[in-house]
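Contents: one structure, followed by commentary.
The values are calculated or read from the model by the stated rules, or taken from the named source; none is laboratory data. This structure is a prediction, so every number in the text was calculated from the model and none was measured. Here the Cβ is made from the backbone with ideal geometry for all residues, glycine too, and neighbour counts use every protein chain on show. All accessible areas refer to the heavy atoms of the entire protein, side chains included, with ligands and DNA or RNA removed. Shrake-Rupley method; radii C 1.70, N 1.55, O 1.52, S 1.80 Å.
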Amino acid sequence: MSEATASQTTASGSDRPMIEIDHLNKWYGSFHVLRDINLTVTKGERIVICGPSGSGKSTMIRCINHLEEHQQGSIVVNGVPMTNDVKRIEQIRRNVGMVFQHFNLFPHLTVLENCCLSQIWVQKKPRAEAEKTAMEYLERVQIANQALKYPGQLSGGQQQRVAIARALCMRPEVMLFDEPTSALDPEMIKEVLDVMIELAHEGMTMLCVTHEMGFAKTVADRVIFMDQGQIIEEAPPHEFFNNPRSERTQLFLSQILGH
Amino acid sequence: MTTDSTFRTEMIEAREAPDQRRGVIGWFRANLFNGPINSIVSIVVIYLLARLVWPFLEWAVIDADWIGTTRDACTGDGACWVFISARFESIIYGFYPDAARWRVDIVFALLAILVAWLAVPKLPYKKWVALFALVGLPIIAYFLLVGGSFGLEYVPTRAWGGLMLTLTIAVLGIVGSLPLGIILALGRRSKMPFVKGICVIFIEFWRGVPLITVLFMASVMLPLFVPGDFDFDKLLRALIGIMFFWSAYMAEVIRSGLQAIGKGQTEAGQALGLNYWQRTGLIVLPQALKLVIPGIVNTFIALFKDTSLVLIIGLFDLLAIIRAGLTDSNWLGFSTEGYVFAAAVYWVFCFSMSRYSQYIERRLNTGHKR
């Protein structure tokens with residue numbers, strides 16, 4: 001199965017693995033949340049991760065930029081192996097953008113300042129240059145006209161688009177999406193998904209935890225189904241949706257698509 | 001044909017909210033006299049206020065004596081403010097030598113200008129003015145007030161007193177306890193057991209001891225422990241004690257603010273590659289401090305008022321110098337005037353801080369959480 005997907009993804013990017021997760025195990029106390037996760041993501045690949053709540057999907061992608069610490073196994077991001085060294089972690093984080101379920105914009109800063117902060121402090125760019133980059137990305141998510149407002153003055157969909165722009169400003173190699181549309185009103189989901197689809201078409205390497213199956217069908221190279229901390233099934237979307245192999249996946253799909 | 005659905009053809013225009021206020025009389029009706037019980041309560045309260053406030057006004061303003069230089073000027077039935085005006089210089093400067101009081105005036109003026117500059121949002125160069133206020137002013141104030149260099153006469157701190165001493169202690173206490181409190185609050189939340197332990201012990205020790213004890217320790221006990229020829233100033237010792245004492249309170253106020261900032265903010269900062277100090281200084285602290293402005297200013301106000309406790313270790317602050325004036329044989333029997341005046345001075349400073357904090361809170365409000 002994995003060979004089949006690998007040959008399929010070569011078309012969308014080079015063969016260089018962007019993320020290599022090898023025998024990853026994680027416990028919360030004595031609770032085994034991630035069990036022997038193996039996942040290789042090549043450059044330009046778009047992966048959608050789904051599964052019931054508590055299955056460890058968020059935890060897994062949060063391990064990739066060390067928001068969660070793992071106890072066993074290894075993670076290599078863009079050739080840099082993850083260790084507990086703070087400098088190393090920060091080096092990896094500079095290459096990995098993340099979008100959160102609850103946006104996590106900085107409420108005391110304007111939209112523009114939100115986008116400039118890490119460019120100025122992490123990349124040490126001059127303010128004018130940072131603002132130019134920020135406006136470019138805000139333009140791309142179609143929110144440049146709100147640049148001087150505070151996050152609290154925007155709708156949920158607008159805030160999430162700002163959050164995407166903020167992550168993109170760092171010009172990351174990989175984007176992680178942790179249920180980006182779950183906290184949104186239904187009428188705002190589309191504007192965020194449109195931005196994500198556009199990003200996918202531009203060749204960004206993406207890992208998305210989401211329940212938006214339409215999005216998975218449109219852009220994913222691979223869909224991963226997780227349950228109880230394990231990867232149960234991993235397949236290209238048409239295979240995943242049309243003939244899921246495991247019973248657990250079939251049940252999940254019937255519940256999520258059946259309503 | 002009938003249907004059970006309805007629909008609108010025209011949208012209703014937005015209208016202005018109805019006006020709830022109907023003049024002064026309307027306000028009185030609505031708030032003081034809306035019903036028999038409230039009317040009775042209002043009348044009783046107004047009567048009591050009149051009974052209390054009017055005699056006070058009579059005493060403090062109408063029947064008071066204002067002009068004169070000696071006790072002989074006190075002829076009326078009311079307060080004799082001549083007591084205050086005759087001793088005004090010493091209330092402000094304490095025992096500071098007459099010839100050198102211009103030095104205190106310069107420091108007062110500088111302080112007033114800098115505070116006003118920082119308080120008015122429209123004025124530019126805030127960063128540099130703040131830097132000057134925190135670094136330049138203390139150095140200039142030190143050389144001017146202490147003297148002993150640049151041809152200025154040396155004035156030992158035991159000659160300091162009055163409002164000048166109160167403000168010195170209050171300003172240094174405030175400026176010292178806030179940053180120290182921030183560091184302690186961050187330390188207490190640290191994951192490093194050693195740092196955390198030190199901060200917890202420091203906070204719990206200073207919070208558990210009364211300020212009077214701290215001052216006694218600073219003035220009486222400390223000299224017993226340090227070598228005899230190593231004499232460091234009593235005012236300095238008291239200042240350090242006050243700073244440590246209030247920084248412990250400040251730390252807990254600030255920690256409550258840090259606690260209120262969601263984990264998501266830190267995570268967003270981490271995901272962007274910001275390091276600990278950047279996340280703390282740029283994301284967490286600005287939000288946390290804004291949240292606890294009322295608590296911080298509350299602590300400032302308590303600190304300001306508690307500077308009067310230094311009188312028990314023989315420092316002559318505003319209150320102590322007024323008390324000293326009461327024992328002057330020329331001015332026996334004017335304690336009410338003295339204490340009312342002291343209360344008024346403390347109140348003006350504390351109330352200004354309170355109002356300014358409310359103004360700052362409104363100004364920093366960016367609308368909504370998250």
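Filtering segment A:81-106 to residues that are more than 14 Å from the chain's Cα centre (by Cα) and not in a helix (DSSP H, G or I) leaves A:P81, A:M82, A:T83, A:N84, A:D85, A:N104, A:L105, A:F106. Note on segment B:264-276: among residues that are within 32 Å of the chain's Cα centre (by Cα) and not aromatic (F, W, Y), the one that is most open to solvent (accessible area, probe 1.4 Å) is B:T266. In the condition set (1) touching a residue at least 60 places away in the same chain (Cβ under 8 Å); (2) in contact with a Pro (Cβ under 9 Å, 6 or more places away or on another chain); (3) not acidic (D, E), B:L215 is compliant with all but (2). Number of residues in segment B:325-369 that are more than 14 Å from chain A (Cβ to nearest Cβ) and assigned to a helix (DSSP H, G or I) equals 31.
Going through segment B:277-286 one residue at a time, which ones are closer than 29 Å to A:T59 by Cβ, open to solvent by 20 Å² or more (accessible area, probe 1.4 Å) and within 8 Å of chain A (Cβ to nearest Cβ)? B:Q278, B:L282, listed by residue number.
Looking only at residues of segment A:240-258 that are farther than 21 Å from A:D36 by Cα and touching a residue at least 12 places away in the same chain (Cβ under 8 Å), we find that the one that is surrounded by the most Cβ atoms within 10 Å (Cβ to Cβ) is A:F240. Restricting segment A:55-74 to residues that are in contact (Cβ under 8 Å) with a residue 40 or more places away in the chain and in a loop (DSSP other than H, G, I, E, B), the residue that is farthest from the other protein chains (Cβ to nearest Cβ) is A:S55.
With respect to A:L109, is the statement that it is surrounded by fewer than 20 Cβ atoms within 10 Å (Cβ to Cβ) and either at the interface with chain B (Cβ under 9 Å from one of its Cβ atoms) or within 23 Å of the chain's Cα centre (by Cα) (or both) true?
Working: surrounded by fewer than 20 Cβ atoms within 10 Å (Cβ to Cβ): yes; either at the interface with chain B (Cβ under 9 Å from one of its Cβ atoms) or within 23 Å of the chain's Cα centre (by Cα) (or both): yes.
For A:L109, the condition - surrounded by fewer than 20 Cβ atoms within 10 Å (Cβ to Cβ) and either at the interface with chain B (Cβ under 9 Å from one of its Cβ atoms) or within 23 Å of the chain's Cα centre (by Cα) (or both) - is met.
What are the pairs with Cβ atoms under 8 angstrom where one residue, in segment B:338-353, is under 17 Å from B:I174 (Cβ atoms) and without any contact (Cβ under 8 Å) to a residue 60 or more places away in the chain and the other, located anywhere, is assigned to a helix (DSSP H, G or I) and open to solvent by 40 Å² or more (accessible area, probe 1.4 Å)? Sequence gap at least six, or different chains. Once the first residue is under 17 Å from B:I174 (Cβ atoms) and without any contact (Cβ under 8 Å) to a residue 60 or more places away in the chain and sits in segment B:338-353, its partners that are assigned to a helix (DSSP H, G or I) and open to solvent by 40 Å² or more (accessible area, probe 1.4 Å) give B:Y346/B:K305; B:C350/B:K305.
Filtered by the rule that a residue be within 27 Å of the chain's Cα centre (by Cα) and free of Cβ contacts under 8 Å to residues at least 12 places away in the same chain, segment B:187-203 gives a lone residue, B:I201.
The lone criterion from (1) buried (at least 21 other Cβ atoms within 10 Å of the Cβ); (2) within 14 Å of chain A (Cβ to nearest Cβ) left unmet by B:F316 is number (2). Residues of segment A:202-239 that are free of Cβ contacts under 8 Å to residues at least 24 places away in the same chain and under 27 Å from A:E191 (Cβ atoms): A:E202, A:G214, A:T218, A:H238. A:R222 passes every criterion in (1) surrounded by fewer than 23 Cβ atoms within 10 Å (Cβ to Cβ); (2) farther than 27 Å from A:M135 by Cα apart from (1).
Looking only at segment A:75-96, residues that are buried (at least 18 other Cβ atoms within 10 Å of the Cβ) and more than 7 Å from every other protein chain (Cβ to nearest Cβ) come to 8 in all.
Of the helices (runs of 4 or more DSSP H) lying entirely inside segment B:77-169, the ones with 2 or more residues being surrounded by 14 or more Cβ atoms within 10 Å (Cβ to Cβ) are found at B:82-86, B:88-93, B:101-119, B:137-146. Got a number for residues in segment A:128-154 being surrounded by fewer than 24 Cβ atoms within 10 Å (Cβ to Cβ), in a helix (DSSP H, G or I) and within 14 Å of chain B (Cβ to nearest Cβ)? Residues meeting the conditions: 6.
In this structure, does A:E45 turn out to be open to solvent by less than 20 Å² (accessible area, probe 1.4 Å), more than 9 Å from chain B (Cβ to nearest Cβ) and of a type in the set (D, E)? Judged against the criteria, A:E45 is a match. Residues in segment B:304-337 that are farther than 23 Å from B:C74 by Cβ and either in contact with a Ser or Thr (Cβ under 7 Å, 6 or more places away or on another chain) or assigned by TED's automatic domain parsing to the domain that holds B:G76 (or both): B:T307, B:I313, B:D317. Take the conditions (1) in a helix (DSSP H, G or I); (2) touching a Cys at 6+ places or on another chain (Cβ under 8 Å); B:G68 misses just one of them, which is (1). Residue count for segment A:155-173 under the criterion of being surrounded by fewer than 20 Cβ atoms within 10 Å (Cβ to Cβ) and either touching a strand residue (DSSP E or B) at 6+ places or on another chain (Cβ under 9 Å) or outside any helix (DSSP H, G or I) (or both): the result is 3.
Is it true that some residue in segment B:245-255 is open to solvent by 50 Å² or more (accessible area, probe 1.4 Å) and more than 10 Å from chain A (Cβ to nearest Cβ)?
Keep residues of segment B:245-255 that are open to solvent by 50 Å² or more (accessible area, probe 1.4 Å), which gives B:249, B:255.
Adding the requirement that they be more than 10 Å from chain A (Cβ to nearest Cβ) leaves B:249, B:255.
Within segment B:245-255, one or more residues are open to solvent by 50 Å² or more (accessible area, probe 1.4 Å) and more than 10 Å from chain A (Cβ to nearest Cβ).
Can you pull out the residues in segment B:29-53 that are in a loop (DSSP other than H, G, I, E, B) and not small (G, A, S)?
Within segment B:29-53, the first condition is being in a loop (DSSP other than H, G, I, E, B), and the residues that meet it are B:32-35.
The answer is B:L32, B:F33, B:N34.
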